[in-house]
Amino acid sequence: MKIVVTGALGHIGSRLIRELPVAFPGCEIVMVDDLSTQRYTSLFRLPDAARYRFLQEDIQSFDLAPVLEGANGLVHLAAITDAASSFDKAEQVEQVNFEGTLRVARQCAVAGVPFLFLSTTSVYGTQSEVVDEECAESELQPQSPYATSKLHAERALEELGRSENLRFITCRFGTIFGVSPGMRFHTAVNKFIWQACQGLPITVWRSALDQRRPYLDLEDAVRAIAFIIERDLFDNRVYNVLTLNATVREIVDAIRAHVSGLDVQLVDARIMNQLSYTVSADRFAAAGFTARGDLRRGVRDTVEWLKNVASRDVRVGI
Ligand SMILES: NC(=O)c1ccc[n+]([C@@H]2O[C@H](COP(=O)([O-])OP(=O)(O)OC[C@H]3O[C@@H](n4cnc5c(N)ncnc54)[C@H](O)[C@@H]3O)[C@@H](O)[C@H]2O)c1
């Protein structure tokens, strides 16, 4: 088994490259990352159970043809990912997340290698209570340049599937929580835990406290990717992938179980909207995938990693 992973050093990739050899013992993993986010630590102490190769390359210019030879799949994680700051660099985000994705996908089409694309549930902007992959176009309303670039890439992949016989799958991942060697703290759950452990108030967008949104345990995320490769589930469809839908209030409560004396501060943000919705993962469940993740456990694990730099009292043994 040979798997190519772009953006392999990031939050998801750094855990994925350690778990793939559990699912596929002895596999060859080619890691492509331009180190733009400086996650050298993701490469430290990789397990012996796989054959690893790291290539410091930019997906916007790298010729993937030689590494795609004999590959069973390419997992495309490389992207500019911080949605909040994407407003200030919308053009660059579109360039990497849309044009870059197409470039990689086209090379996969030529090489006949299946392409696993990571999109996001933030492409939804629905007024419905529950939304799924079959929703009306009007319910796809990305709220940031980051999410817009992902939706553009989704659409272009559909076209490549038709015109260039690309075999692909699009996974709309919920917001990740959980630990990894290359983890980042931009997104909701991790950012709140960081603030809580540092003794800072948790800053919640004013409109978001009781809004329901989808989240994905990193454990489920990497299991989902292995599941897709193992089942060869490259059926050119879109799948929502998540562990649970939760409100920010529920997340704050999960953090409160481990960190004493939390303050919550409501703030204004550019990506604020009045939308609250539940994302359905029924299609992925029907394909045979069962989510096993757990918000409370994910929060506890992250607090555990931060416990010796925490300035508030933390309890991790619960
Ligand atoms: N983390 C989440 O909550 C979440 C949710 C939904 C979807 N996703 C998607 O999953 C993928 C991985 O997310 P993540 O959280 O691991 O992101 P991340 O930012 O932690 O990792 C992205 C990696 O891509 C690399 N990269 C960026 N531009 C590159 C380029 N031009 N060439 C090569 N490498 C480049 C970075 O150096 C980084 O290591 C992304 O596509 C993201 O949009 C993430």
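What is the dipole size for the chain, taken about its Cα centre, with +1 at each Lys and Arg Cβ and -1 at each Asp and Glu Cβ, in debye to the nearest 20?
Computed about the Cα centre, the dipole is about 880 debye.
What 222 nm value per residue comes from the helices of the chain, counting each DSSP H run with n ≥ 4 as -39,500 (n - 2.57) and dividing by all residues, nearest 500 deg cm²/dmol?
So the helix-based figure for the chain works out to -9500 deg cm²/dmol.
Highest mean first, how do 28-34, 6-12, 39-45 rank when packing is the count of other Cβ atoms within 10 Å averaged over residues?
6-12, 28-34, 39-45
If you wrap a convex hull around the alpha carbons of the chain, what volume per residue comes out, as a whole number of Å³?
Once divided by residue count, the hull of the chain is 127 Å³.
Please list, short to long, the whole-number percent of alpha-carbon pairs of region 204-298 in consecutive 5 angstrom bins beginning at zero.
Here the calculated profile for region 204-298 is 3, 12, 19, 19, 16, 13, 10, 6, 2, 0.
Provide the FRET efficiency to the nearest 0.05 for the Asn308-Gln95 pair, computing r from the beta carbons and using R0 = 35 Å.
0.30
First select every other residue whose beta carbon is under 12 angstrom from the beta carbon of Ala50; then total the charges, Lys and Arg +1, Asp and Glu -1.
Net local charge, Ala50 excluded: +1.
What is the helix-to-structure angle for 11-23, meaning the angle in degrees between its Cα long axis and the longest Cα principal axis of the chain, kept from 0 to 90 and rounded to the nearest 10?
60 degrees
Using a 1.4 angstrom probe on heavy atoms only, work out the carbon and sulfur share of the accessible area of the chain in %.
47 percent
I'd like to know which of Phe54, Ala65, Gly182 lies farthest towards the positive end of the charge dipole of the chain, counting +1 on Cβ of Lys and Arg and -1 on Cβ of Asp and Glu.
Working it through, the farthest residue towards the positive pole turns out to be Gly182.
To test your reading of the geometry: what angle, between 0 and 90 degrees and rounded to tens, separates the Cα axis of helix 145-163 from the longest principal axis of the chain?
With rounding to tens, the tilt is 30 degrees.
Test of understanding: in a Gaussian network model of the chain with alpha carbons linked when under 10 Å, which of Arg212, Arg15, Arg162 would top the mean-square fluctuation ranking?
Greatest mean-square fluctuation among the candidates belongs to Arg162.
Spelling out what I want: for every residue of region 197-206, take phi, set θ = phi - 60°, compute 6.51 cos²θ - 1.76 cosθ + 1.60 (Karplus), and round to whole Hz; glycine and proline get x.
Each residue of region 197-206 in turn: 5, 7, x, 8, x, 7, 8, 10, 4, 3 Hz.
For the chain, find the longest principal axis of its Cα atoms and tell me its angle to the long axis of helix 101-111, 0 to 90°, nearest 10.
30 degrees
Roughly speaking, what is the centre-to-centre gap between region 225-259 and region 126-157 when only Cα atoms are used, to the nearest Å?
Here the answer is 17 Å between Cα centres.
If you project the alpha carbons of region 12-117 onto their three principal axes, what span does each projection cover, largest first, in Å?
Result for region 12-117: principal-axis Cα extents of 42, 33, 20 Å.
Between Thr247 and Gln127, what is 0.36 nm times their sequence separation minus the Cα-Cα distance? Round to one decimal in nm.
41.6 nm is the gain from fully extending Thr247 to Gln127.
Can you give the local net charge around Val123? Use residues other than it whose beta-carbon is closer than 9 angstrom to its beta-carbon, Lys and Arg +1, Asp and Glu -1. Could the numbers behind the result be given before it?
On the way: positive: Lys150, Arg172; negative: Glu154.
Summing Lys/Arg as +1 and Asp/Glu as -1 gives +1.
What is the local net charge at Glu99, summed over the other residues whose Cβ is closer than 11 Å to its Cβ (Lys, Arg +1; Asp, Glu -1)?
Details: positive: Arg103, Arg106; negative: Glu91, Glu94.
Residues close to Glu99 contribute a combined charge of 0.
Viscosity 1.002 mPa s, temperature 20 °C: what is the translational diffusion coefficient of region 168-252 from Stokes-Einstein with a Kirkwood Rh over Cα pairs, rounded to a whole number of µm²/s? If you can, show how the numbers build up before the last one.
Working: Rh = 14.3 Å.
D, rounded to a whole number, is 150 µm²/s.
For the pair Glu230/Leu35, report the inter-label distance in nm, with labels modelled 7 Å from Cα in the Cβ direction.
With each label placed 7 Å out from Cα toward Cβ, I get 3.4 nm.
Report the full-extension gain for the segment Arg162 to Ala49: residue separation times 0.36 nm, less the Cα-Cα distance, to one decimal in nm.
Here the segment from Arg162 to Ala49 would lengthen by 36.9 nm.
Compute the relative contact order of region 41-178 as a whole-number percentage, counting only Cα pairs closer than 8 Å that sit 6 or more residues apart in sequence.
29 percent
The values are calculated or read from the model by the stated rules, or taken from the named source; none is laboratory data. None of the values given here were measured: they were computed from a predicted structure. Using ideal geometry, Cβ is built from the backbone for each residue, glycine included, and neighbour counts are taken over all protein chains shown. What goes into the accessible areas is simple: the full protein's heavy atoms, side chains included, and nothing from ligands, DNA or RNA. Shrake-Rupley method; radii C 1.70, N 1.55, O 1.52, S 1.80 Å.
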